[in-house]
Amino acid sequence: MEHDPEALALFTEGYEKILAGIGKLGFDVHDDNFAETARRAAKGFHDLIHDQKQVSVEVEGLLAKTFPAKYTEMVISKHNTCFGVCPHHLLPVIYRVSLAYIPTNKVLGLSKLSRLARLIARGPRLQEDLTHELANILHAQLHSQGSAVYIEGLHMCMAARGVGAHEARLVTSGVRGVFLDDVRTREEFLKLVLAPSNVVL
Ligand SMILES: [Zn+2]
């Protein structure tokens, strides 16, 4: 996704100040290694925060390309690795996102589900909000019978504070439509998501 020049300039200014702060801690930030660091760091940070106008356009385009549904069975895309930042610390979060929906009359290509998760994740968002936003899109905007989202997030802000690695994983889930109304559908989704993946690949 394209970088916004104004946002990039502001991020670069910010990282220049961060480097000055690092200099106060006894590091030689005038060393060659840091020559382009502020701008590189700004670009890296921008990659974790997409322009929401560009995202809306892409999400709309993605949802517009559907196929007629031949079956109305659960469509599931498991363990998509996505990246974002938390709004409280602006530190990176690595998500493992599983998404499902039951079509009414149209289906998305499978790669579109993972694209959708990767697009929406890139921003300063609470994991809970990311979960609900994905569930809403797959239910309301896709006019499906229901949707379910299960996310595990590895939050750098929690991992870096010295808590054990698995305590730093936050789990959220959201369900809509038939997944909310029918406990068996919900259980089937969770069983598929939580099944050990060493069986197939
Ligand atoms: Zn945080």
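The values are calculated or read from the model by the stated rules, or taken from the named source; none is laboratory data. Computed from a predicted model, the values in this text were never measured in an experiment. Don't worry about glycine lacking a Cβ; one is built from the backbone with ideal geometry, like all the others, and counts go over all protein chains shown. Just so you know, the surface numbers come from the protein's heavy atoms only, side chains and all, with ligands and any DNA or RNA stripped out. Shrake-Rupley method; radii C 1.70, N 1.55, O 1.52, S 1.80 Å.
Report, by residue number, each residue of the stretch 54-84 that is among the aliphatic types (A, V, I, L, M), touching a strand residue (DSSP E or B) at 6+ places or on another chain (Cβ under 9 Å) and in contact (Cβ under 8 Å) with a residue 60 or more places away in the chain.
Answer for the stretch 54-84, where residues must be among the aliphatic types (A, V, I, L, M), touching a strand residue (DSSP E or B) at 6+ places or on another chain (Cβ under 9 Å) and in contact (Cβ under 8 Å) with a residue 60 or more places away in the chain: 63, 74, 76.
What residue, among those in the stretch 86-105 that are under 15 Å from residue 126 (Cβ atoms) and surrounded by 22 or more Cβ atoms within 10 Å (Cβ to Cβ), is farthest from the ligand (Cβ to nearest atom)?
Once the filter is applied, the top-ranked residue is 97.
How many residues are open to solvent by less than 60 Å² (accessible area, probe 1.4 Å) and more than 15 Å from the chain's Cα centre (by Cα) if we restrict to the stretch 59-72?
5
Give, as residue ranges, the helices (runs of 4 or more DSSP H) completely inside the stretch 25-138 that count at least 3 residues that are within 12 Å of residue 151 (Cβ to Cβ), in contact with a helix residue (DSSP H, G or I) (Cβ under 9 Å, 6 or more places away or on another chain) and among the aliphatic types (A, V, I, L, M).
Correct list: 110-121, 127-136.
Here are some residues: 134, 142. Which one is open to solvent by less than 10 Å² (accessible area, probe 1.4 Å), more than 16 Å from the ligand (Cβ to nearest atom), within 20 Å of the chain's Cα centre (by Cα) and farther than 17 Å from residue 78 by Cα?
Going through 134, 142 in turn, the sole match is 142.
Within the group 28, 51, which residue is among the acidic types (Asp, Glu) and either within 30 Å of residue 138 (Cα to Cα) or surrounded by 15 or more Cβ atoms within 10 Å (Cβ to Cβ) (or both)?
Step by step, each of 28, 51 is checked, and only 51 is among the acidic types (Asp, Glu) and either within 30 Å of residue 138 (Cα to Cα) or surrounded by 15 or more Cβ atoms within 10 Å (Cβ to Cβ) (or both).
Under 8 Å between Cβ atoms, at least 6 apart or on separate chains: pull out the pairs that start in the stretch 16-32 with a residue that is in the same structural domain as residue 43 (by TED's automatic domain parsing) and within 19 Å of residue 43 (Cβ to Cβ) and end on any residue that is open to solvent by less than 100 Å² (accessible area, probe 1.4 Å) and part of a loop (DSSP other than H, G, I, E, B).
So the pair list comes out as 19/29; 22/29.
Limited to the stretch 145-157, what total is found for residues that are more than 16 Å from the ligand (Cβ to nearest atom) and under 29 Å from residue 3 (Cβ atoms)?
Count: 1.
What pairs come out if I take residues in the stretch 179-197 that are assigned by TED's automatic domain parsing to the domain that holds residue 146 and at pLDDT 95 or above and pair them with residues that are charged (D, E, K, R) and in a helix (DSSP H, G or I) whose C-beta lies under 9 Å away, six or more apart or interchain?
179/186; 180/186
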